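Student: Shown below is the structure under consideration.
The values are calculated or read from the model by the stated rules, or taken from the named source; none is laboratory data. Here the structure is a predicted model, which means the values were calculated and not measured. Positions of Cβ are generated from backbone atoms using ideal geometry, with glycine treated the same way; all protein chains shown enter the neighbour counts. The protein model used for the area step is the full one, side chains on, heavy atoms only, and it has no ligands, DNA or RNA in it. Shrake-Rupley method; radii C 1.70, N 1.55, O 1.52, S 1.80 Å.
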Amino acid sequence: MNSEEMKTLTGQFIMGTYGRFPVAIDHGEGARLYDPEGNEYIDFTSGIGVTCLGYGNDGWVQSITQQAKKLGHVSNLFYTEPAARLAEKLCRRTGMSNVFFANGGGEANEGMIKLARKYSFDKYGQGRATIITLNNSFHGRTITTLTATGQEVFHNYFFPFTEGFRYADANSLESLEAAAGDDVCAVMVELVQGEGGVLPLDKDYVQAVAKLCAERDWLLLVDEVQTGVGRTGSLFAFQQYGILPDVASFAKGIAGGLPMSGIMANEKCRNVLGPGTHATTFGANPVCAAAGLYVQEVMDDAFLEDVQAKGTYLRNQIEALELPCFGETRGMGLMIGISVKEGWSNKELANKLIANRLLVLTAGPGMRLLPPLVVTKAEMDAGVAIMKKTLSA
Ligand SMILES: *Cc1c(COP(=O)(O)O)cnc(C)c1O
């Protein structure tokens with residue numbers, strides 16, 4: 001099927017929920033993607049932070065293939081090895097205590113919200129179920145996680161939304177205090193706001209929030225759906241903030257391209273969700289878990305240091321271009337935001353770059369780059385050369 005046929009068939013039979021770029025993808029290798037006509041694209045998107053090991057990674061393919069041959073799925077009413085081993089790995093590497101596996105970021109955050117409300121219900125009874133989230137945040141597309149998302153544009157059409165959320169400004173303890181109250185059970189944050197524009201929270205602020213949460217017995221919920229699994233140059237971003245959340249969610253990169261997500265709880269919260277309180281049919285799927293184990297195997301300390309170094313390199317190269325449309329870069333590791341100067345539209349800039357075969361993302365009013373974490377220097381240089389060629393004038 002060629003690109004035009006794919007677009008036509010998609011338009012006819014898939015709901016038009018996505019504002020797609022006019023590009024069809026057939027296959028990939030490393031940080032390069034190819035359309036059906038064989039045109040090559042440098043990929044600075046990795047499926048929005050999913051394909052952390054790039055495309056066509058042999059070890060990843062082998063792990064999946066072997067596990068699929070052995071056992072493709074079985075109910076969580078039975079025990080399986082890959083998920084147990086992946087959960088162990090995540091806990092040992094972070095200091096968290098146990099894991100619940102789900103399938104997508106929004107669903108993981110639903111689980112995190114349920115855990116927080118049950119923790120509070122068990123200890124204090126009803127009426128203490130409000131969760132404070134941050135303005136400009138993004139937590140998912142389910143009715144409840146849309147409500148958790150601190151952006152008015154998302155609070156539309158689907159009324160009635162779930163009750164029990166209030167919003168505070170990022171990096172402002174005053175704003176958090178203004179949203180506080182006897183009804184609060186948790187605070188939920190992204191340490192680097194992803195969809196909101198790649199906006200890292202201040203370390204001092206995050207540590208102060210953690211302290212406040214401990215004092216008031218609010219759970220600190222960290223949404224690491226985008227920041228997790230090596231993206232920021234540590235396995236989870238909270239490890240660079242010097243905090244241990246009560247619960248953290250993960251998804252996107254966890255299985256390197258297969259649908260998997262989950263939440264990790266600390267010791268205080270390990271027994272909150274008992275039998276019958278939470279479940280999902282596909283959660284902890286053995287093939288996804290085998291892929292996740294392979295990702296963990298690859299992502300050792302040297303790999304994570306390399307992510308830091310590559311992020312610094314790519315940001316420096318972009319800043320050195322001194323493009324008329326770009327302001328400063330920001331972010332952590334290979335989660336990079338570029339501010340777009342007044343008079344330029346990030347959507348238009350993205351379209352131009354994509355037309356010249358560099359795939360990029362937007363976030364908030366700026367640009368966002370999430371290359372596969374295995375991106376090579378040659379691939380980064382090729383991407384930067386496309387930026388120079390496309391946006392210098
Ligand atoms: C992508 C994202 C989500 C939603 O994940 P889905 O898998 O699309 O449900 C939630 N939180 C953050 C921070 C995200 O980046």
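Student: Which one of these does residue 138 not meet: (1) in a loop (DSSP other than H, G, I, E, B); (2) more than 16 Å from the ligand (Cβ to nearest atom)?
Tutor: For residue 138, the failing item is (2).
Student: Let me ask something additional. Output the qualifying pairs, or none if there are none: Cβ atoms under 8 angstrom, residues six or more apart or on different chains, first residue in segment 309-324 and touching a residue at least 40 places away in the same chain (Cβ under 8 Å) and at positive phi, second residue open to solvent by less than 80 Å² (accessible area, probe 1.4 Å) and of a type in the set (A, V, I, L, M, F, W, C).
Tutor: none
Student: Within segment 362-393, which residues are closer than 20 Å to residue 193 by Cα and open to solvent by 20 Å² or more (accessible area, probe 1.4 Å)? Walk me through how you get there before you give the answer.
Tutor: If we filter segment 362-393 for residues that are closer than 20 Å to residue 193 by Cα, which is where we start, we get 362-373.
Selection gives 362, 364, 365.
Student: Return yes when residue 161 is over 24 Å from residue 241 (Cα atoms) and either assigned to a loop (DSSP other than H, G, I, E, B) or not β-branched (Val, Ile, Thr) (or both) and no when it is not.
Tutor: Values: over 24 Å from residue 241 (Cα atoms): yes; either assigned to a loop (DSSP other than H, G, I, E, B) or not β-branched (Val, Ile, Thr) (or both): yes.
The answer is yes for residue 161.
Student: From the list 109, 76, which residue is in contact (Cβ under 8 Å) with a residue 40 or more places away in the chain, in the same structural domain as residue 188 (by TED's automatic domain parsing) and more than 16 Å from the ligand (Cβ to nearest atom)? Can you show your working first?
Tutor: Details: 109 fails: more than 16 Å from the ligand (Cβ to nearest atom).
Selected residue: 76, the only one of 109, 76 that is in contact (Cβ under 8 Å) with a residue 40 or more places away in the chain, in the same structural domain as residue 188 (by TED's automatic domain parsing) and more than 16 Å from the ligand (Cβ to nearest atom).
Student: So for segment 116-124 (the condition being at pLDDT 95 or above and within 16 Å of the ligand (Cβ to nearest atom)), does at least one residue qualify? Talk me through it step by step, then tell me what you get.
Tutor: First pass over segment 116-124, keeping only residues at pLDDT 95 or above: 116-124.
This time we only want the ones that are within 16 Å of the ligand (Cβ to nearest atom), so: 116.
Yes - at least one qualifying residue is present in segment 116-124.
Student: Right, another one. Might you check whether a residue that is within 26 Å of the chain's Cα centre (by Cα), open to solvent by 30 Å² or more (accessible area, probe 1.4 Å) and away from the ligand (no atom under 16 Å from the Cβ) occurs anywhere in segment 42-55?
Tutor: Taking every residue of segment 42-55 in turn, at least one turns out to be within 26 Å of the chain's Cα centre (by Cα), open to solvent by 30 Å² or more (accessible area, probe 1.4 Å) and away from the ligand (no atom under 16 Å from the Cβ).
Student: Which residue is nearest to the ligand (Cβ to nearest atom), if the candidates are limited to segment 248-257 and must be assigned to a loop (DSSP other than H, G, I, E, B) and of a type outside the set (Gly, Ala, Ser)? If you could, list the steps in order and put the result at the bottom.
Tutor: Quick first cut of segment 248-257, residues assigned to a loop (DSSP other than H, G, I, E, B) only: 251-257.
Keeping just the survivors that are of a type outside the set (Gly, Ala, Ser) gives 252, 254.
On the way: 252: 6, 254: 10 Å.
Looking at residues that are assigned to a loop (DSSP other than H, G, I, E, B) and of a type outside the set (Gly, Ala, Ser), I get 252.
Student: I need the full set of residues from segment 214-247 which are part of a strand (DSSP E or B) and within 11 Å of the ligand (Cβ to nearest atom), in order please.
Tutor: If we filter segment 214-247 for residues that are part of a strand (DSSP E or B), which is where we start, we get 219-223, 247.
Within segment 214-247, 222, 223 qualify.
Student: Among the candidates 158, 165, single out the residue that is touching a Ser or Thr at 6+ places or on another chain (Cβ under 6 Å) and aromatic (Phe, Trp, Tyr). Write out each step before concluding.
Tutor: On the way: 158 fails: touching a Ser or Thr at 6+ places or on another chain (Cβ under 6 Å).
When all the criteria are applied, what remains is 165.
Student: Would segment 235-254 turn up any residue that is open to solvent by 10 Å² or more (accessible area, probe 1.4 Å), among the basic types (Lys, Arg), at pLDDT 95 or above and under 18 Å from the mean Cα position of the chain (by Cα)?
Tutor: yes
Student: Could you give me the residue pairs with C-beta distances under 7 Å whose first residue belongs to segment 179-194 and is in contact (Cβ under 8 Å) with a residue 60 or more places away in the chain, whose second residue is in a strand (DSSP E or B) and more than 15 Å from the ligand (Cβ to nearest atom) wherever it lies, and which are 6+ apart or on separate chains?
Tutor: What qualifies is 185/130; 185/219; 186/219.
Student: I've got another one for you. Return yes when residue 186 is small (Gly, Ala, Ser), in a loop (DSSP other than H, G, I, E, B) and open to solvent by less than 40 Å² (accessible area, probe 1.4 Å) and no when it is not. Step through it out loud before you land on a result.
Tutor: Numbers: small (Gly, Ala, Ser): yes; in a loop (DSSP other than H, G, I, E, B): no; open to solvent by less than 40 Å² (accessible area, probe 1.4 Å): yes.
For residue 186, the condition - small (Gly, Ala, Ser), in a loop (DSSP other than H, G, I, E, B) and open to solvent by less than 40 Å² (accessible area, probe 1.4 Å) - is not met.
Student: Can you find, within segment 258-271, the residue that is nearest to the ligand (Cβ to nearest atom) among those that are more than 15 Å from residue 97 (Cβ to Cβ) and buried (at least 24 other Cβ atoms within 10 Å of the Cβ)? Steps first, answer last, please.
Tutor: We begin by selecting, within segment 258-271, every residue more than 15 Å from residue 97 (Cβ to Cβ); these are 258-261.
Subsequent filtering for residues that are buried (at least 24 other Cβ atoms within 10 Å of the Cβ) retains 260-261.
Working: 260: 10, 261: 6 Å.
Ranking the qualifying residues of segment 258-271, first place goes to 261.
Student: Which of (1) touching a Cys at 6+ places or on another chain (Cβ under 9 Å); (2) open to solvent by less than 10 Å² (accessible area, probe 1.4 Å) is the odd one out, the single condition residue 206 does not satisfy?
Tutor: Status for residue 206: all satisfied but (1).
Student: Does residue 276 satisfy the criteria of being part of a loop (DSSP other than H, G, I, E, B) and touching a Ser or Thr at 6+ places or on another chain (Cβ under 7 Å)?
Tutor: On the way: part of a loop (DSSP other than H, G, I, E, B): yes; touching a Ser or Thr at 6+ places or on another chain (Cβ under 7 Å): no.
When the stated conditions are applied, residue 276 does not pass them.
Student: Please tell me if residue 96 is more than 16 Å from the ligand (Cβ to nearest atom) and closer than 30 Å to residue 76 by Cβ. I'd like the intermediate steps shown before the answer.
Tutor: Values: more than 16 Å from the ligand (Cβ to nearest atom): yes; closer than 30 Å to residue 76 by Cβ: yes.
Considered against the rule, which asks whether it is more than 16 Å from the ligand (Cβ to nearest atom) and closer than 30 Å to residue 76 by Cβ, residue 96 comes out as yes.
Student: Something else now. What helices (runs of 4 or more DSSP H) lie completely within segment 4-102 and have 2 or more residues being closer than 22 Å to residue 347 by Cα?
Tutor: Details: elements: 46-49, 58-70, 81-94.
Result: 46-49.
Student: Let me spell it out: the conditions are (1) away from the ligand (no atom under 16 Å from the Cβ); (2) surrounded by fewer than 21 Cβ atoms within 10 Å (Cβ to Cβ); (3) in the same structural domain as residue 231 (by TED's automatic domain parsing); (4) part of a loop (DSSP other than H, G, I, E, B), and residue 344 meets all of them except one. Which number is the exception?
Tutor: The number of the failed condition is (3).
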